[in-house]
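Asks: Encoded as structure tokens, here's the structure I'll be asking about.
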Amino acid sequence: MAIAIAMATLIALFSLFLGQIAYQTITCYWLTPRRIKHIMEKQLIFGPKPRFLLGNILEMTSMISKSTSSYMPSINHDIVPRLLPHFLAWSSTYGKRFIYWNGTEPRMCLMETGLIKELLTKYSTKAGKSWFQQQGSKHFIGRGLLMANGDDWHRQRRIVAPAFIGDKLKSYEGYMVECTEDMLNTLGKGIESGKTEFEISEYMNRLTADIISRTEFDCSYEKGKQIFNLLKILQKLCAQASRHLCLPGSRFFPSKYNREIKSLKMEVEKLLMEIIQSRKDCVEFGRSSNYGKDLLGMLLNEMKKKDSLQVIMDECKTFFFAGQETTALLLTWTVMLLASNSNWQDKVRDEVMQVSNGGPITMDHLSKLNLLTMVINESLRLYPPATVLPRMAFEDFKLGDLDIPKGLSIWIPVLAIHHSEDLWGKDVNEFKPDRFASKTYSSGRFIPFAAGPRNCVGQSFAMMEAKIILSMLISRFKFTISDNYRHAPVVVLTIKPKYGVQVCLEPIDRIDR
């Protein structure tokens, strides 16, 4: 009798558990999306008709596949039709506000700069990263600062922010100059051996990986190379995440995709754990009084009593990706732009020589490099690292004249805004750095690092790094775009050159002679 009662109790509890899962699943994938759809349609915000479970994924995939199937016939900066063809098509039909569906997730496209500014500043605590985004990147960068919300985000931001300001930021100058000098010497040796053409993105990727390895782990690129390469593979796999999250529970399926991505995550974390454990051993066995002065040391010193090692590893992965990937792309696209615009290259070179008086570039010189800053900003406008900036509403709130319901994802098409003729003029797709000669421009139209409290914490680090590297490169070499370059921007989480960027280098001293 007692056994029968126990069995009945277990069955009842199990049934209740299954019922809760079923209710949460139905709420997440059906009831909440339908409620949001109804609220937005009452405000006359419509969009393309979604398919059951798949939403508009097939249309998006088809349009992007067609637009990026080949390279562009010339260096043309009108890349919105290529990279965001769905936004272009749907905005022309439904206006600057429309709803589309990523599987069962409703997303509102928002292109109005005033509302964008209000969202990113006023409602930074009421909107953040969605569950779908966190699931899509959890094996890649986990719940680091980029994907954290609420109290977790505030705590992580407070811990990490000091690494990117004041004297701490200035302390990275030596690493940046030393690593860049090594790269320039490698390029010089290549030229001496008879090589004239270089795929510059490879060099920029290695250089920025070396710099972030030293500032984050106090080790060279060679030591961090395994982590770097594994994260690159994980990035490509996670870029496909939207196709694997459209079905309820699909992330738990023992598919080849899921097995591969989890295996890579374990490899990355094993390598990170080895680095972390060596730091902990040094302190525990009395060989050091602290965990180090690099970013990892700061995290260990601040988090040792509060957080798990998983949080520390996620933060390391986040900054390895954000600190390396986005800066490498900024440098690559800027070199491409200067290589194909020799007049601006000459102007920047003259400025660098004048500011530095022909000597080495130091951090004190950077604020005086106005033309180089304008060129970098124009590069970020034309080729921002991320094409879109997403936020999810954690509660109901009023955004301008819109009632935003809890659970609605708001997607800001950064690339489309940066290429908007209404905002930038008829020459919007031309390389014109002097449009940034005035440091005042309306907030919301230039957002390569986002804006408001959740803006990129490493923005100053990236700009400092880019200025040092570019000024040193342009002082040593003249570069022109190679005939072998094929202009083919593609999106793999960030905007990349599909076939790399081939440039021809010639030493400045050889030109002078």
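Derivation of every value follows stated rules applied to the coordinates shown; laboratory data play no part. Only a predicted model underlies this, so the values are computations on that prediction, with no experimental measurement involved. Using ideal geometry, Cβ is built from the backbone for each residue, glycine included, and neighbour counts are taken over all protein chains shown.
Asks: Any aspartates and glutamates with Cα under 13 Å of the K265 Cα? List them, leaving off those in the same chain fewer than 8 positions away.
Replies: D314
Asks: Counting helices only, and only those DSSP H runs with n ≥ 4, report the 222 nm mean residue ellipticity of the chain as the sum of -39,500 (n - 2.57) divided by its residues, in deg cm²/dmol to the nearest 500.
Replies: -17500 deg cm²/dmol
Asks: Where in the chain is the longest stretch that carries no GluC sites (Glu not before Pro) classed as loop by DSSP and with at most 15 other Cβ atoms within 10 Å?
Replies: After excluding every exposed loop site, the longest remaining stretch is 1-394.
Asks: Still on this structure, please answer the following. When we measure straight from the Cα of K168, which aspartates and glutamates land under 12 angstrom away, once same-chain ones fewer than 8 places off are left out?
Replies: Excluding near neighbours in sequence, the set is D294.
Asks: Suppose a student asked you for the relative contact order of region 43-512, using Cα pairs under 8 Å spaced at least 6 residues apart; what percent would you report?
Replies: About 25 percent, as a whole number.
Asks: Here's another thing I want to ask about it. Are there trypsin sites (Lys or Arg not before Pro) in region 290-360 that DSSP puts in a loop and that have at most 14 other Cβ atoms within 10 Å, and which ones?
Replies: K293, K304, K305, K306
Asks: Check G103: other-chain or 5+ apart residues with amide H under 5 Å from its amide H, H built from backbone geometry?
Replies: Under 5 Å from the amide H of G103: G55, N56, I57.
Asks: Taking the Cβ-Cβ separation of S62 and F394 as r and a Förster radius of 35 Å, what is the calculated FRET efficiency to the nearest 0.05?
Replies: Efficiency, from the Cβ-Cβ distance: 0.60.
Asks: If you fit an axis through the alpha-carbon atoms of helix 113-122 and take the longest principal axis of the Cα set of the chain, what angle between them do you get, 0 to 90°, nearest 10?
Replies: 70
Asks: If you stretched the chain out fully between N301 and E202, how much longer would it get, using 0.36 nm times the residue separation minus the C-alpha to C-alpha distance?
Replies: 32.2 nm
Asks: Once the Cα atoms of helix 221-238 and of the chain are each reduced to a long axis, what angle between those two axes, in degrees from 0 to 90 to the nearest 10, is obtained?
Replies: 50
Asks: While we're here: What are the ³J(HN,Hα) values, in whole Hz, obtained from phi via the Karplus relation 6.51 cos²θ - 1.76 cosθ + 1.60 with θ = phi - 60°, for each residue of region 428-434 in sequence order, with x given for Gly and Pro?
Replies: 4, 9, 9, 7, 9, x, 5
Asks: When only DSSP loop residues count, what trypsin sites (Lys or Arg not before Pro) in region 57-140 have their Cβ near at most 16 other Cβ atoms within 10 Å?
Replies: For trypsin sites (Lys or Arg not before Pro) across region 57-140 that sit outside H, G, I, E and B with at most 16 neighbouring Cβ atoms in 10 Å, the list reads K96.
Asks: Another question, if that's okay. With everything on Cα atoms, drop me the angle between helix 200-217 and the longest principal axis of the chain, reported from 0 to 90° to the nearest 10.
Replies: 70
Asks: Determine the principal axes of the Cα atoms in the chain, then give the extent along each, sorted from largest to smallest and rounded to whole angstroms.
Replies: 99, 65, 40
Asks: Could you check the spin-label model distance between S342 and R445? Points 7 Å from the Cα along Cα→Cβ, value in nm.
Replies: Distance between the two pseudo-spin positions: 3.3 nm.
Asks: By how many nm would the segment from S263 to L44 grow when fully extended, if each residue of separation counts as 0.36 nm and the alpha-carbon distance is taken off?
Replies: Here the answer is 74.2 nm.
Asks: Relative to a virtual label point 7 Å from the Cα of S171 in the Cα→beta-carbon direction, which members of region 263-281 show backbone nitrogen distances below 19 Å?
Replies: Output list for this probe position: 276, 279-280.
Asks: Once amide H atoms are placed 1.01 Å from N in the peptide plane, what residues at a sequence separation of 5 or more from K478, or on another chain, have their amide H within under 5 Å of its amide H?
Replies: E506, I508
Asks: Which entries of K66/K347; K126/K317; K37/K122 have Cα-Cα distances beyond 29 Å here?
Replies: K66/K347
Asks: Distance in nm between label sites at Q135 and N455, each 7 Å beyond Cα in the beta-carbon direction?
Replies: Spacing of the two 7 Å Cα→Cβ label points: 3.3 nm.
Asks: For a 21 Å ceiling on Cα separation, which of these pairs sit above it: K96/K496; K270/K496; K236/K496; K432/K467?
Replies: K96/K496; K270/K496
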